[in-house]
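*Asks:* The structure that follows is given in the form of structure tokens.
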Amino acid sequence: MKYQIEFFEYAPKNPNSILTVIVTYRQNLHYNMIERINYRKKYDLQVSNKINFMIVDDGSSLSDADRTKKICKLNNFDFLYIDSREDYFSPGRARNIGAQYAKTKYIVHEDIDLCPYDGYYNSILSEIESNDLCNNDDDFISIPVVYLTDISSHEYLNNPIQKRKEFIRRLLLGENDWYIFFMPASSVIIINRYYYLTIGGYNEEFSGWGLEDLEYAFRITRLSKKFHTPANYKKLIGGTFSRQFDYCGWRSQFRLHGELCNRKNIILFHIYHPIDTVWRNRKRHINNKNLFLQCIEQFENEGHYLPVLPDIHQGRSLIFGKGCFIYSRNILPYWGNIYIHGYEYFDHVDILEYIKINNINRVVFTNPYANKKRTKIYNIIKNSNINFFVVERGALRDSMFIDPTGFCSESSMYNQKYWDYEISENKKQLVYEYIKEEKNCDVSLEKQSFRIGKRHLMDRLNIPEGKKILFVPLQSRSDTVTTIFAGDIGNYDNFIKLVNDVARNITSEWVILVKKHPLSDADEHIENVIFVNDINIKDLIDISDYILLMNSGVGVLSLLWNKPVLYASKVFYAHDKLNIKVNTYSDVISILEQGFTPDRDISLRFIAYLIDRFYSFGKMTTYEKQYNNNSRLTITQNIDYYNININLNNVFYKNINKKCIQFNSPLYDPFIFSISQKDKNCKIQTTSYTAKKHHKGKNKIYRLFRKLINNPYTFCSDSKYAIVRIFRFLFINKDI
């Protein structure tokens, strides 16, 4: 159901803003919520240029909404009103809409009853930086919350600075008469806004009291993988959250995201209010529990199941079908609201008129030259100066380009002005690390055989030491770049003729190696060469002195080895200090005789540009499909983007090499007794907590018997846990 939404921007527009604090509520009769908006007006003026506040009213009466609007205007808070008066208040709906309207990189949802203190938001900005969220868009921070009693709420409000210190001291000493309960991790979660949109935010199906925040926390905890997965992770363990000391159930893992702040005394206080008995409807709460269990099972079985939330600031996009290059979850929010039609739809509909009527902001293509119908529409869009993107596979492993100017060599995004400038030593080191990883990895853009190494390969091909090698990687005859962008060479047959001419005229000190494209079934007639179709492309580049190609992406891959490339057609990586254009066999022979070495510094700049600013990256699931008698196509079924660059700006980055925090971290201390020694990756440092000694033996017995009961066969077959050791332990251990 669509609701009427009014959005009033009162916050000063500042490009340096980092975080939007989204406060959601619906005013009712049991206490005055609106006045609690003012809790946030006094604090942290020193960071006001980096933080925006947005108050989201989900369905209050119009008179109450008007009161809130005036308070927001006075405090320079943005105000968003959702006219949902005929439906139940939905925290999930309010938070999702608020996130869509926010404009900062990070968001945090706050209950209206939370009262910050002087310096709180400054500490949040520090946590964003210290936790390196900018390099881990799928990570998050959770803030612990203490729920105060009525009396202590008044104490706190009278002197929040002093009382905060005193209350934290009381919390640490276990004096619990002044608070109702303590949440070591809460729904106050700082998270990357774009990432929030990709996972669908909150599940809005929850109605009434509770569990939409737990379901959300479950998903982001499972996805983050920052900490080790506990036993029975799907289980929602009841009882007091802060008194759960078994590393069991997903909330124990979630707690550790709050423990990071708890150790630094970054804690919020919830001001007391009377309980709304209408809102706390037990029947709806039971329904929510059942829904929660269904949701976590669905998530575990299917992965993401909520629809992606569009970024409303991106307007509207027209796409042609649901191909995974464009219709992948991690990239979908960027397209805003999506209009989907097949190309055939516009056989009878004027596409320019359709774009005008529907206020389309951009058109998004995959390979626009795949067939005549696509090319016709693509040319119409280009010639009409309508914004567009071409999204296709790049030349490096896992890479895609999202290009607003064209396809491959017709694109202007490879212009020197974007990349030919000095890069820092630190950036060079990152490029070297990328090169090192790629050079030592078997996987390439297309399916390849296993690598065997330079020395082994030279012996296998019977190439004597001292011979020079010219490597010719062939392409598929049906590839767009060979049919549309053939350039001066004219066509693929002319390139094959060029290779034959070189082979007939090259001196005997050279050996020519030719590799068919992995998707080509055509047998090309080339004499005086060695065909190496079953050899890994990276091994072939490694042993080569020069590379001759038409316009293959191998020309980019060769830059990693800094090998000289001679190209005969249009290429997007053309640069007179990196490679040389050839038109005739005499051009090739002349360059081989004179010699040419690429400028390593220039190649590092170009590679840095591709991997850091222009290319996007994602893990692809592919299969091969027969295209015609001579060639096959690689069909991509799914892409899990982990790095998205659009218009030279990073939109999304997920560190796929991130390692979880190990058990020797003090953050695991609340669960130190329950973590099995077998599960520990490294020894846990013991603390001075004296109860450990008294319970050491009992805990060990408990763990051993639990292993026996859960899996008797494995237990008994493992000599480390032979049954005799239990008896030895029982009778000899001095602590029992």
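The values are calculated or read from the model by the stated rules, or taken from the named source; none is laboratory data. These numbers were taken from a predicted model, which means no experiment stands behind them. Cβ: placed from backbone, ideal geometry, glycine included. Neighbour counts: every protein chain shown. Side chains included, ligands, DNA and RNA excluded: accessible areas come from the protein's heavy atoms. Shrake-Rupley method; radii C 1.70, N 1.55, O 1.52, S 1.80 Å.
*Asks:* Work through the residues other than Ser411 whose Cβ is under 15 Å from its Cβ and net out their charges, Lys, Arg +1 and Asp, Glu -1.
*Replies:* +2
*Asks:* When the chain is fully extended, how far beyond the present Cα-Cα distance does Trp279 get from Lys417, taking 0.36 nm per residue of separation?
*Replies:* Extra length available between Trp279 and Lys417 comes to 43.7 nm.
*Asks:* Work out Dmax and Rg for the chain from the C-alpha atoms and quote the Rg first, both in angstrom.
*Replies:* Just the Cα atoms of the chain yield Rg and Dmax of 31.3, 96 Å.
*Asks:* Got a sec? What order do Ser126, Ser508, Ser242 fall in by accessible area at 1.4 Å, biggest, i.e. largest, first?
*Replies:* Ser508, Ser126, Ser242
*Asks:* Only helices at least 24 Å long along their axis, Cα-based, and averaging 0.0 or more on Kyte-Doolittle count here, so list those DSSP H runs from the chain.
*Replies:* None clear 24 Å together with a mean of 0.0.
*Asks:* Pairs of alpha-carbon atoms within less than 8 angstrom and 6+ residues apart define the contacts here; what relative contact order does the range 471-601 have, in percent? It would help to have the intermediate numbers written out before the result.
*Replies:* On the way: 194 pairs, mean separation 36.3, N = 131.
With pairs under 8 Å counted, the relative contact order is 28 percent.
*Asks:* Before anything else, pin down the relative contact order of the chain: Cα pairs under 8 Å, at least 6 apart, normalised by residue count, whole percent.
*Replies:* 10
*Asks:* Related question: When the Cα centres of the range 559-628 and the range 637-668 are compared, how far apart do they sit, in Å?
*Replies:* 29
*Asks:* Got a number for the accessible area of Asp150? Probe 1.4 Å, square angstrom, nearest 10.
*Replies:* 70
*Asks:* With a/c under 1.5 counting as rounded, go ahead and sort the range 296-346 into rounded, prolate or oblate using the C-alpha gyration tensor (a ≥ b ≥ c being the square roots of the eigenvalues; past the cut-off, prolate if a/b is larger than b/c, else oblate).
*Replies:* It comes out oblate by the Cα gyration axes.
*Asks:* Considering only DSSP states other than H, G, I, E and B, which GluC sites (Glu not before Pro) in the range 488-568 qualify as loop sites with at most 10 other Cβ atoms within 10 Å?
*Replies:* Here the sparse-neighbourhood loop sites are Glu509, Glu527.
*Asks:* So, one more: Percent relative contact order of the range 233-342, based on C-alpha pairs within less than 8 angstrom and at least six residues apart?
*Replies:* 18
*Asks:* Taking 0.36 nm per residue of separation and subtracting the Cα-Cα distance, what length does fully extending Ala522 through Arg374 add?
*Replies:* This chain segment gains 50.6 nm when fully extended.
*Asks:* Label the range 439-564 by shape, choosing from rounded, prolate and oblate, from the square roots a ≥ b ≥ c of the eigenvalues of the Cα gyration tensor; if a/c is under 1.5 it is rounded, and otherwise prolate applies when a/b is larger than b/c, oblate when it is not.
*Replies:* Note, shape of the range 439-564 comes out oblate.
*Asks:* Counting Lys and Arg as +1 and Asp and Glu as -1, what is the net charge of the other residues whose Cβ lies under 14 Å from the Cβ of Lys13?
*Replies:* My count for the surroundings of Lys13 gives 0.
*Asks:* Let me ask something else about it. Could you pull out every one of the aspartates and glutamates with an alpha carbon less than 17 Å from that of Lys13, ignoring same-chain neighbours closer than 8 positions?
*Replies:* Counting by Cα, and skipping residues close in sequence, Lys13 has these aspartates and glutamates nearby: Asp78.
*Asks:* Right, something else. Summing Lys, Arg as +1 and Asp, Glu as -1, what charge do residues with Cβ under 9 Å from the Cβ of Tyr272 carry, Tyr272 excluded?
*Replies:* Computed value for this residue: -2.
*Asks:* Rounded to the nearest 20 Debye, what is the dipole magnitude of the chain about its Cα centre when Lys and Arg each give +1 and Asp and Glu each give -1 at the C-beta?
*Replies:* Value, rounded to 20: 2700 debye.
*Asks:* How about the range 47-138: which GluC sites (Glu not before Pro) there lie in a loop by DSSP and see at most 14 other Cβ atoms within 10 Å?
*Replies:* Working: sites: Glu86, Glu110, Glu127, Glu129; in loops: Glu86.
Hits after loop and neighbour filter: Glu86.
*Asks:* Quick check on packing: order 413-420, 331-338, 25-32 by the mean number of other C-beta atoms within 10 Å, highest mean leading.
*Replies:* Ranked by mean Cβ neighbours within 10 Å, highest first: 331-338, 25-32, 413-420.
*Asks:* Take the alpha carbon gyration tensor of the range 6-130, find the square roots of its eigenvalues, order them as a ≥ b ≥ c, and report rounded if a/c is under 1.5; if not, report prolate when a/b exceeds b/c, else oblate.
*Replies:* Judged from the Cα gyration tensor, the range 6-130 comes out prolate (a/c at least 1.5, a/b above b/c).
*Asks:* Which of the peptides 316-323, 76-83, 270-277 is most tightly packed, and how do the rest follow, going by the mean number of other Cβ atoms within 10 Å of each residue? Each step should come with its number before you reach the end.
*Replies:* Working: 316-323: 18.2, 76-83: 21.1, 270-277: 14.2.
Most protected by this proxy first, the peptides run 76-83, 316-323, 270-277.
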